[in-house]
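First the structure, then my questions, so here it is.
The values are calculated or read from the model by the stated rules, or taken from the named source; none is laboratory data. The model shown is predicted, which means the values in this text are computed figures rather than measured ones. Note that each Cβ is placed from the backbone with ideal geometry, even for glycine, and that neighbours are counted across all protein chains shown. To get the accessible areas, we keep the full protein, side chains included, count just its heavy atoms, and leave off ligands, DNA and RNA. Shrake-Rupley method; radii C 1.70, N 1.55, O 1.52, S 1.80 Å.
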Amino acid sequence: MPLYATFPFYIGIHGGLVYGIFMDNPHRSRFNFGASNNRFSYFSADGGTLNYYFIHDSGVREILAAYTHLTGRMSLPPLWSLGYQQCRYSYYPHQKVINIARIFREKEIPADVIYLDIHYMDRYKVFTWDEERFPSPEKLITALRDEGFHVVVIVDPGIKIEPGYPYYEEGKEKDLFLKYPDGEPYSGQVWPGWCHFPDFTRPETRDWWGSSLETYLSIGVEGIWNDMNEPATWGQQVPNLVEFDWEGHGATHQKARNVYGMQMARSSYEGTRRLMKNRRPFILTRSAYAGAQRYSAIWTGDNVASDEHLMAGVLLLSNLGLTGMAFTACDISGFWGDSSPALFARWITVGAFSPFMRTHSMVESRDAEPWSYGETVEEISRNYIQFRYRLLPYLYSTFYEATQNGMPVVRTLAIDHPHDPQVYDKRYQYQYLFGDSILVAPAESTKEITKVYLPPGRWYDFYTGRLEEGGREVYAESPVARLPLFVRAGAVIPMQTVRNHTEEQITGPLQVHVYAGGDASSSFLYYEDDGETFDYEQGQFFRRRIRLTDHELFFEAAEGDYFSAYEEIQLWFHGYCFHEKDRVTMNGEKTALASATFRLCAPVFAADPLGIPYDPYGAVELPTAVFPNLRDSIRVTWD
């Protein structure tokens with residue numbers, strides 16, 4: 001069954017070795033990994049040349065770096081796109097949208113994005129507004145921006161065949177649509193009715209499409225959601241004989257179909273970047289091909305409100321991370337059908353640890369906002385969304401890493417442990433690393449206890465501070481209010497205080513959490529910029545390596561011309577044994593630990609940072625130290 005995206009790249013792991021193969025052929029392809037013959041695997045395509053790249057290196061990280069060097073890497077997303085995103089098919093009229101935003105702020109549930117689905121359009125025609133439902137879209141968007149919300153609108157490729165409709169007339173006049181061999185434009189039915197489809201493999205079409213987005217950008221829209229761009233039509237697939245420009249070389253739909261969605265996303269990205277005057281856009285696509293990470297985020301399409309689709313989505317994100325697509329998500333709550341309160345709560349907890357976090361639901365389904373399932377689910381949702389906002393310094397730095405070496409944000413355990421058979425056990429296949437140091441163990445909404453495989457090393461239970469030896473299985477409590485999380489010993493995790501949205505004034509220090517018991521040394525590359533513009537490409541960033549050893553935390557001198565938004569650094573020590581007389585030393589000067597009470601070698605998390613009472617191991621308040629956030633190197637030591 002044709003799905004939304006294709007990435008003809010795979011990583012082979014056997015014989016103690018790893019390798020990658022990228023078949024750069026956009027035709028319909030087939031990969032057989034032993035389903036019909038257990039002696040060998042093969043790949044093939046319906047047409048085109050057998051053009052493939054063989055990548056050999058010492059590990060999966062290196063193969064991903066080589067593959068993304070070949071196909072391209074993402075640029076940094078706007079910081080606001082990493083906040084919580086609320087979507088529905090559809091929010092209308094305009095007052096409904098305002099009310100949704102107002103409730104988020106009243107309930108102090110952080111959020112940054114509201115989507116407008118197809119009902120904002122005039123009879124589903126792209127680049128238009130329904131004047132009855134949205135009589136003044138610019139005023140609406142301004143009101144939302146005043147509350148800290150950014151607006152993303154859906155766009156579909158189909159251009160309605162309607163005399164007098166400007167975009168139909170322009171496309172026909174400039175010969176921008178896909179055509180049959182006899183020169184007649186191809187027609188297919190989608191939301192507006194009979195439509196023609198832009199040929200995004202033609203540079204002139206991409207320029208026209210990008211320029212047409214000005215109708216949205218000029219009134220404050222900052223995100224473009226490319227949907228139905230496989231391309232999808234009712235009841236049929238585009239015939240294979242339909243012709244594409246293919247950069248002036250000519251091709252049929254048989255060759256061009258798999259790149260159509262990526263080229264649409266490319267058109268949206270290039271147009272918005274050109275028109276938004278140095279501000280970063282958010283581009284989302286449903287359909288993609290290898291290399292789409294240069295232009296767009298991707299979500300996994302129309303899922304179903306079920307535990308099966310919750311868990312399948314986790315696998316999809318782990319696999320997408322192996323294709324160069326670091327900016328990914330699944331629709332929280334399930335698009336089709338109605339989530340139960342428990343399923344919604346679990347989906348929110350898992351979604352908090354995805355590259356971007358979006359709730360989305362189908363028309364005429366039950367409401368799917370965080371407060372729609374009762375007070376308990378609302379509190380769980382608030383806790384985990386707030387914790388995601390606390391983690392934004394860690395998450396944003398992880399995205400920076402993706403721009404440099406292609407490492408995904410959601411990382412299958414096979415990246416670091418490709419030859420560990422437990423990683424491929426079906427009981428543990430849903431586990432992943434969020435960034436480099438946080439182990440997430442998703443579980444169905446019906447599970448109160450789940451079995452977790454801890455990879456080699458040492459791991460802290462995130463909630464209790466209990467230190468566990470890796471390379472073995474453990475049982476973890478998993479009620480819907482508590483997603484099993486573990487932190488790698490030796491981790492350095494920067495956090496911040498909670499904000500209602502990413503543009504709210506930063507208050508408080510940069511909170512750097514350090515976890516004892518790792519290897520002889522470990523490090524984290526911290527990254528910061530304005531989160532909004534492309535000025536980082538001209539050196540406007542703040543970047544420093546933070547190194548941790550048994551008795552020292554060393555902040556290397558900051559690189560770049562940007563000044564950090566955090567005036568102070570607060571250290572949180574996990575797994576260290578302190579006495580009341582202990583002090584830390586910052587650049588040779590003694591600094592008192594802030595905590596008033598200590599217990600020698602006690603577990604370290606006094607209060608669950610998610611606000612959920614839980615203290616079975618007698619955890620105590622964490623000792624902390626606060627010092628200025630200098631651009632010069634900072635050396636912190638302790639006995």
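Viscosity 1.567 mPa s, temperature 4 °C: what is the translational diffusion coefficient of the range 281-377 from Stokes-Einstein with a Kirkwood Rh over Cα pairs, rounded to a whole number of µm²/s?
Working: Rh = 13.8 Å.
The calculation lands on 94 µm²/s.
What Kirkwood radius, in Å to one decimal, follows from the Cα pairs of the range 207-259?
13.4
Taking a cut-off of 13 Å, what percent of all Cα-Cα pairs in the range 296-341 are separated by more than that? Walk me through the numbers before you get to the answer.
On the way: 522 of 1035 pairs.
Cα-Cα pairs of the range 296-341 separated by over 13 Å account for 50 percent.
Next question. Full extension from Arg145 to Asp57: what is 0.36 nm times the residue separation minus their Cα-Cα distance, to one decimal in nm?
Values: separation 88, 0.36 × 88 = 31.68 nm, distance 4.73 nm.
Using 0.36 nm per residue and subtracting the Cα-Cα distance, I get 27.0 nm.
Of all accessible surface on the range 160-257 at a 1.4 Å probe, what whole percent is carbon and sulfur?
49
Hey, any idea what % of the range 1-116's accessible area is carbon plus sulfur with a 1.4 Å probe? Please list the in-between numbers first.
Working: 2860 of 5540 Å².
Carbon plus sulfur share of accessible area: 52 percent.
Based on the Cβ-Cβ distance of Asp420 and Glu131, what FRET efficiency does E = 1/(1 + (r/R0)^6) give at R0 = 56 Å, to the nearest 0.05?
Using R0 = 56 Å, I get an efficiency of 0.40.
Express the accessible area of the range 337-442 per residue in Å², computed with a 1.4 Å probe while the remaining protein chains stay in the model.
28
So which GluC sites (Glu not before Pro) in the range 111-144 end up in coil per DSSP with only 11 or fewer other C-beta atoms within 10 Å?
Numbers: sites: Glu131, Glu132, Glu138; in loops: Glu131, Glu132.
Hits after loop and neighbour filter: Glu131, Glu132.
I'd like the accessible area for Lys255, computed on protein heavy atoms only with a 1.4 Å probe and all protein chains in place. Round to 10 Å², please.
Taking all protein chains as shown, Lys255 has close to 70 Å².
Compute the distribution of all C-alpha to C-alpha distances in the range 53-130, in bins of 5 Å from 0, and list the percent of pairs in each, rounded to whole numbers.
With 5 Å bins starting at 0, P(r) equals 3, 12, 14, 13, 11, 10, 10, 8, 10, 6, 3, 0.
What's the carbon and sulfur percent of the range 516-587's accessible surface, probe 1.4 angstrom, rounded to a whole number?
43
Within the chain, what percent of beta bridges assigned by DSSP are antiparallel, to the nearest 5?
Working: 80 of 112 bridges.
Of those bridges, close to 70 percent are antiparallel.
Based only on Cα atoms, what mean projected area does the convex hull of the chain have, in nm²?
Mean orientational projected area (the chain, Cα hull): 28.4 nm².
What FRET efficiency, computed as 1/(1 + (r/R0)^6) with R0 = 41 Å and r the Cβ-Cβ distance, is obtained for Ser523 and Val304, rounded to the nearest 0.05? Don't skip to the answer; put the middle values down first.
Working: r = 42 Å, r/R0 = 1.02.
Efficiency computed from Cβ-Cβ geometry: 0.50.
Over the range 350-448, how many percent of alpha carbon pairs lie in each 5 Å bin up to the one with the longest distance?
Spelled out per bin, shortest first, that is 2, 11, 16, 20, 17, 15, 11, 5, 2, 0.
Calculate, for the range 144-234, the solvent-accessible area per residue in square angstrom, rolling a 1.4 angstrom probe over the heavy atoms of the protein chains.
Using a 1.4 Å probe on heavy atoms only, each residue of the range 144-234 averages 35 Å².
I would also like to ask the following. Give me the one-decimal Kirkwood hydrodynamic radius in Å for the range 213-314, with the sum taken over alpha-carbon pairs.
15.3
Then there is this: Please calculate how many Å² of accessible area the range 1-126 carries per residue, with a 1.4 Å probe and no DNA, RNA or ligand atoms counted.
Numbers: 5850 Å² over 126 residues.
Ligands and nucleic acids excluded, the figure is 46 Å² per residue.
Kindly work out what percent of the DSSP beta bridges joining two residues of the range 275-433 are antiparallel, to the nearest 5.
Numbers: 2 of 9 bridges.
Rounded to the nearest five, the antiparallel share is 20 percent.
Here is a further query. How compact is the range 1-75 by the rule of thumb for globular proteins, expressed as Cα Rg over 2.2 N^0.38 Å?
Dividing the Cα radius of gyration by 2.2 N^0.38 Å gives 1.18.
Mind checking the full-extension length gain between Ser187 and Ser218? Use 0.36 nm per residue of separation minus the Cα-Cα distance, one decimal, nm. Spell out each step's value before the answer.
Values: separation 31, 0.36 × 31 = 11.16 nm, distance 3.04 nm.
So the extension gain works out to 8.1 nm.
Return the FRET efficiency for the residue pair Glu469, Glu537: r is the Cβ-Cβ distance, R0 is 51 Å, and the value is rounded to the nearest 0.05.
FRET efficiency, Glu469 to Glu537: 0.70.
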